[in-house]
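The values are calculated or read from the model by the stated rules, or taken from the named source; none is laboratory data. Quick caveat, the model's predicted, so the values are computed rather than measured. So basically every Cβ, Gly included, is an ideal-geometry build from the backbone, and we count neighbours across all protein chains shown.
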Amino acid sequence: MDHYRKSEKFREHLEVCMPGLEDETLSLIVKPGTQINSILPSAFESLKKNGQVLWIGFGSSCDKAVACAEAMKSRHRGLHQNTQIMTKRVEEYWEPVVEGMNTLQVVREIPAIAILLSKQKHKEENEEKSYGERSFYDGYDP
C-alpha cells in the first residue's frame, strides 16, 4: 500500500428499524473509549423521560454496547430488550501514487449491534427472534 493514498471513503447510512422504536428515543452510540459510568446517567434520564433507550455499537465497540445495556438492565429491573444485529458497509477508494497502476476499491462490512431497552412491552416483539422477555430473577442458584 506504499504506492497508494486514500482518496475517498463512503459509509452506508445505518437504518435501525425495530418494533416499538419511537422517534424521540435517545440513541447512544458507544465507541471503544466510552466510559460506561459516565454515559449511564444520561441513559437513565432518557429512560425515565421517554421510557426507551437505544444502544448502538459498531465493530470493536459491539461488546461495550452490550455491556452498557447489561449494566442498565442490572440497575433497573423489568426492562424489555429487543436486539438487532446488522452490518455497516464502508467503501474506500485508493489512488495510485505511481503511474500505470489502477485505482483500488476496498469494501468492508463492519458488524453492528442495536439494543433497544424499553419499560413497555410491544405487541410485535413476541414474533421477533431478538426479543427478550423481562426477568425478575434476582439471585444466583448454583
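Worth a mention:
- Taking the criterion of being closer than 13 Å to L117 by Cβ and of a type in the set (A, V, I, L, M, F, W, C), the residues of the stretch 68-104 that qualify are C68, A69, A71, M72, L79.
- Picking from residues in the stretch 1-19 that are outside any loop (DSSP other than H, G, I, E, B) and of a type in the set (D, E, K, R), the one that is farthest from L79 (Cα to Cα) is R5.
- Residue tally, condition touching a helix residue (DSSP H, G or I) at 6+ places or on another chain (Cβ under 7 Å) and closer than 22 Å to S60 by Cβ, over the stretch 18-39: 7
- All positions within the stretch 1-60 that are hydrophobic (A, V, I, L, M, F, W, C) and more than 13 Å from the chain's Cα centre (by Cα): M1, F10, L21, I36, I39, L40, A43, F44, L47
- Check on H76, under 30 Å from S46 (Cβ atoms), at pLDDT below 90, more than 15 Å from the chain's Cα centre (by Cα) and surrounded by 15 or more Cβ atoms within 10 Å (Cβ to Cβ): yes
- Each residue in the stretch 46-75 was checked for being out of contact with any strand residue (DSSP E or B) (no Cβ under 8 Å at 6 or more places or on another chain), more than 30 Å from H3 (Cβ to Cβ) and in contact (Cβ under 8 Å) with a residue 24 or more places away in the chain, and 3 of them qualify.
- E15 meets the conditions (1) closer than 17 Å to G59 by Cα; (2) in contact (Cβ under 8 Å) with a residue 24 or more places away in the chain in every case but one. The failed one is (2).
- Hey, S118 out of contact with any helix residue (DSSP H, G or I) (no Cβ under 8 Å at 6 or more places or on another chain), modelled with pLDDT of 55 or more, under 28 Å from V30 (Cβ atoms) and polar (S, T, N, Q) or not: yes
- Any hit, the stretch 92-99, residues being more than 26 Å from H13 (Cα to Cα), without any contact (Cβ under 8 Å) to a residue 12 or more places away in the chain and either among the aromatic types (F, W, Y) or exposed (fewer than 13 other Cβ atoms within 10 Å of the Cβ) (or both): yes
- The requirement of being at pLDDT 90 or above, of a type outside the set (V, I, T) and in contact with a Pro (Cβ under 7 Å, 6 or more places away or on another chain) is not satisfied by S42.
- Residues of the stretch 20-37 satisfying the condition of being loosely packed, with under 11 Cβ neighbours inside 10 Å and part of a loop (DSSP other than H, G, I, E, B): D23, E24, G33, Q35
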